[in-house]
1. Just to check your reading of the model, which residue among SER103, SER93 is within 24 Å of THR61 (Cα to Cα) and without any contact (Cβ under 8 Å) to a residue 12 or more places away in the chain?
2. Would you be able to say whether some residue in segment 461-470 is in a helix (DSSP H, G or I) and either touching a His at 6+ places or on another chain (Cβ under 9 Å) or under 29 Å from VAL256 (Cα atoms) (or both)?
3. What about LEU359, is it within 23 Å of the chain's Cα centre (by Cα) and either part of a helix (DSSP H, G or I) or among the basic types (Lys, Arg) (or both)?
4. Does segment 508-518 hold any residues that are among the basic types (Lys, Arg) and either in the same structural domain as PHE341 (by TED's automatic domain parsing) or surrounded by 13 or more Cβ atoms within 10 Å (Cβ to Cβ) (or both), and which are they?
5. Please state which one of ASN394, ASN432 is assigned by TED's automatic domain parsing to the domain that holds LYS364 and at pLDDT below 90.
6. Name the pairs: first residue in segment 431-442 and without any contact (Cβ under 8 Å) to a residue 12 or more places away in the chain, second residue crowded, with 17+ Cβ neighbours inside 10 Å, Cβ to Cβ under 9 Å, at least 6 apart or on different chains?
7. Based on this model, can you work out whether ASP275 counts as of a type in the set (D, E, K, R) and within 16 Å of GLN207 (Cα to Cα)?
8. Between ILE216, ILE179, ILE206, ILE184, which is among the β-branched types (Val, Ile, Thr) and not in a helix (DSSP H, G or I)?
Amino acid sequence: MNILEKNIQALASGTNEPLALKLSNFLKDSQCVRFSLDEKLNIFDFKNQVFMYSDVEQEITYFQKAILEKTLRYPFVCIYGICNALLVKNLISSYKHIFIFESEIELFYLALSIVDLSEELRSGKVYLIDTNEEKINIQLSILFDQKDMFEYLSLYEMFINCSYYEKYFIDEIKKIDYIINDNIYLVIRNLDPESKISLSCHDNFIQNIPLMLKNIPFQRIIQERKNQFENCIVVCAGPSLEKQIPLLKKYQENFVIFCADGAFSLLYKNDIIPDYVLNIDFEEYPLEFFKDINKEKLISTLFILGQYTHPSVSNLLNQKNLSICVVLNQNQDNIIMLNDFGYLEIGTHVGHMCYTLALALGFKNIVIMGQDLAYNEKGNSHFSDFTLGKDFDNTLNIPSLKTLAYGGEGEVLTHIAWDDYRKKLEFLFANNTQANFYNATEGGARIAFAKELSFKECCLKFKDKKKKSLEIPKLLTSNRSDKILKKVLEHLKKDLNIINQALEDAKILKDALEKILLSGKELPFEFLMSVYKNIEKFNSYLEFNSVFYDGILKGVFYFRGEGISKVLSAKIKDEREYLFLSIKVYKDWLVLLIEKLNIRKESLQKII
């Protein structure tokens, strides 16, 4: 196997399968027409009639030194241009991750024919990003959200491989720089370390566990109902919804209907009975959506609640004797005893959960309505009869912006939360090509990777014969439910013990760091180094225990990285000074960590 084949195989192993496929096709069907390689590993650009390097060795050495000086101790670096990949190879030992951005498939081909990067590509140490990749936003959002990346995103800066790129690819560099910054903003926007949302959600989950065990297991719904139907409608609460109600009522028997909680009251009032009603809100206000409903009309409806649904909401629905299922969020709070209940990608908005549930149930055609993700021409965020007010989002003081309108012509006014949500939906739709998504909202913002079709056309195209009624899945026996709860409590006790140990160690370490920092002495390098090793040891303890990396403390860990990044960006060459400032930053972070761990401890104690 030659070098190029090894590199392509490494890319295909998971780090960048689309680029591997693109290179394989290029290898079969094309020849280099714009670039050629000489015996000194210099590359000639036929279009601009110029070599990339004036002197290969000299220029690589210059840029290597310049990048290293500007990124002293950085965990990662971003470079535009792969060139002959020699610079990349020289920099590998200096970073945890190197991101290489390139627009020319021929240059990827030439570089990967010269330098064996297969080990680094396979491990994720080196990432190659094709800037012409259609799903580049999805790719970047995954890469930047890695555990060892998101903390340090404030250090991002784009460097160039050689002066050739600055001269001939400046527009491309500016374009990708904008895309990267947009994706970084998307990753870190919701990582406020002072936010109480993630800990409130965890508290809700802990309180919902007994209710979950006494109601329908999610896995039974999937087992009994998967692939029963092909076509469904997801109903959201945007301002465009009410104009579609007459048509939805006419065709309700021909589709399975998934309903976001906010849209439920409008459907219920118009005698449209959804098959699934979903809620994920961690606050109590959805109580208003459900207070006046009765069991008789909803005998066949399943209420699917996210694990973070506020206990007041889940308890209300339970008291009304409705059919309830509490769903665990995929990859979070993974308690082994609950695996049989099944997991679902809940997302951050209820609509997202509707789509993932439809996918999990095997629907092939998913029609979307009321998913405006924008204000209408009157400035309303929801339909006129929305329980919390048609202008509900106007009261939230969320920064607004403009985005491409439905239909692709003109712009509509949205806000950053909706814009984030739209991008996450595009990610979801792009990665689930087994289903077709039809946006029949007929208003609001355009959503990429969803086909736009009027609701009337969707009804005529995808209507099924009258849908058959499905039995409500059975509950667990009381005996089995109690046994599982007992095991869950044992697991949570172990989590509590780990958190208590972390709290004890964090307090001891914080007190020690405070004394060191207050000593006012010119502390020797060797002493500071030993202190720093204790910090690394505590970090290892946190990383070793998955209870700290389930997403609940993500904003807290971002705060740690942000503090360290400020020290790194100062580019302090003196090792003693660097260690002293790092210790100071870490001490401040421990104060926040202790506060948040105490809150989490209190949540666990409620159920234990």
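1. Values: SER103 fails: without any contact (Cβ under 8 Å) to a residue 12 or more places away in the chain.
When all the criteria are applied, what remains is SER93.
2. Taking segment 461-470 and keeping what is in a helix (DSSP H, G or I), we get 461-462.
Next cut, either touching a His at 6+ places or on another chain (Cβ under 9 Å) or under 29 Å from VAL256 (Cα atoms) (or both) only: 461-462.
Checked segment 461-470: at least one residue is in a helix (DSSP H, G or I) and either touching a His at 6+ places or on another chain (Cβ under 9 Å) or under 29 Å from VAL256 (Cα atoms) (or both).
3. Working: within 23 Å of the chain's Cα centre (by Cα): yes; either part of a helix (DSSP H, G or I) or among the basic types (Lys, Arg) (or both): yes.
Yes.
4. Filtering segment 508-518 for residues among the basic types (Lys, Arg) gives 510, 515.
Correct list: LYS510 only.
5. Details: ASN432 fails: at pLDDT below 90.
When all the criteria are applied, what remains is ASN394.
6. Between residues of segment 431-442 that are without any contact (Cβ under 8 Å) to a residue 12 or more places away in the chain and residues that are crowded, with 17+ Cβ neighbours inside 10 Å, the close pairs are THR433/PHE449.
7. Working: of a type in the set (D, E, K, R): yes; within 16 Å of GLN207 (Cα to Cα): no.
So ASP275 fails the test.
8. On the way: ILE179 fails: not in a helix (DSSP H, G or I); ILE206 fails: not in a helix (DSSP H, G or I); ILE184 fails: not in a helix (DSSP H, G or I).
Sole residue among the options that is among the β-branched types (Val, Ile, Thr) and not in a helix (DSSP H, G or I): ILE216.
The values are calculated or read from the model by the stated rules, or taken from the named source; none is laboratory data. Keep in mind that this is a model prediction, so the values were computed, not measured. Please note: Cβ atoms are built from the backbone with ideal geometry, for glycine as well, and neighbour counts cover all protein chains shown.
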